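The values are calculated or read from the model by the stated rules, or taken from the named source; none is laboratory data. Please read these numbers as outputs of a predicted model, since none were measured by experiment. Cβ coordinates were reconstructed from backbone atoms using ideal geometry, including for glycine residues, and neighbour counts include every protein chain displayed. For the accessible areas, the whole protein counts, side chains as well, though only heavy atoms, and no ligand, DNA or RNA atoms are used. Shrake-Rupley method; radii C 1.70, N 1.55, O 1.52, S 1.80 Å.
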Amino acid sequence: QVQLVESGGGLVQPGGSLRLSCVASGSIFSIGSMGWYRQAPGKQRELVAAITRGGITNYGDSVKGRFTISRDNAKNTVYLQMNSLKSEDTAVYSCNADRIATSTYVLYNRWGQGTQVTVSS
């Protein structure tokens with residue numbers, strides 16, 4: 001069974017840093033683009049950052065220059081380094097993979113369960 005599992009969330013003070021990880025587990029052959037999304041209470045889910053299998057990145061305007069997305073294809077893992085965190089970054093952060101191929105089937109638009117990030121003094 002293929003799963004996306006996030007880790008690394010928590011409570012951090014404004015100006016601090018966190019690093020999120022998302023591991024895809026299972027008998028995976030390849031993964032397409034991966035991304036991080038976030039949803040704050042009362043707000044719509046928004047794109048934080050995305051990265052193609054080849055390493056091309058895309059960021060939401062509010063995090064440009066502060067967050068960095070990266071991935072390790074050999075480990076089926078995507079990371080989100082978050083620096084200079086602000087209170088408005090508080091949200092549930094979820095990992096997404098647009099396509100996950102196994103030896104026998106392909107899954108589309110898969111999500112992790114999410115991890116809470118709280119920025120507060």
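Details
- Per residue, region 1-120 exposes 52 Å² of solvent-accessible protein surface, assessed with a 1.4 angstrom probe and all protein chains in place.
- Under the Karplus curve 6.51 cos²θ - 1.76 cosθ + 1.60, θ = phi - 60°, whole-Hz ³J(HN,Hα) for region 10-18, x wherever Gly or Pro sits: x, 9, 9, 7, x, x, x, 10, 9
- Taking a point 7 Å out from the Cα of residue 73 in the direction of its Cβ, the residues of region 93-114 whose backbone N falls within less than 16 Å of it are 98-102.
- Element breakdown for region 40-90 at a 1.4 angstrom probe: carbon and sulfur atoms account for 46% of the accessible area.
- Cross-link reach is defined here as a Cα-Cα straight distance under 24 Å, omitting same-chain residues fewer than 8 places apart; for residue 43 the lysines meeting it are 64, 86.
- At q = 0.14, 0.28 Å⁻¹, base-10 log of I(q)/I(0) for region 35-100 (Debye sum, equal scatterers on each alpha carbon): -0.40, -1.38
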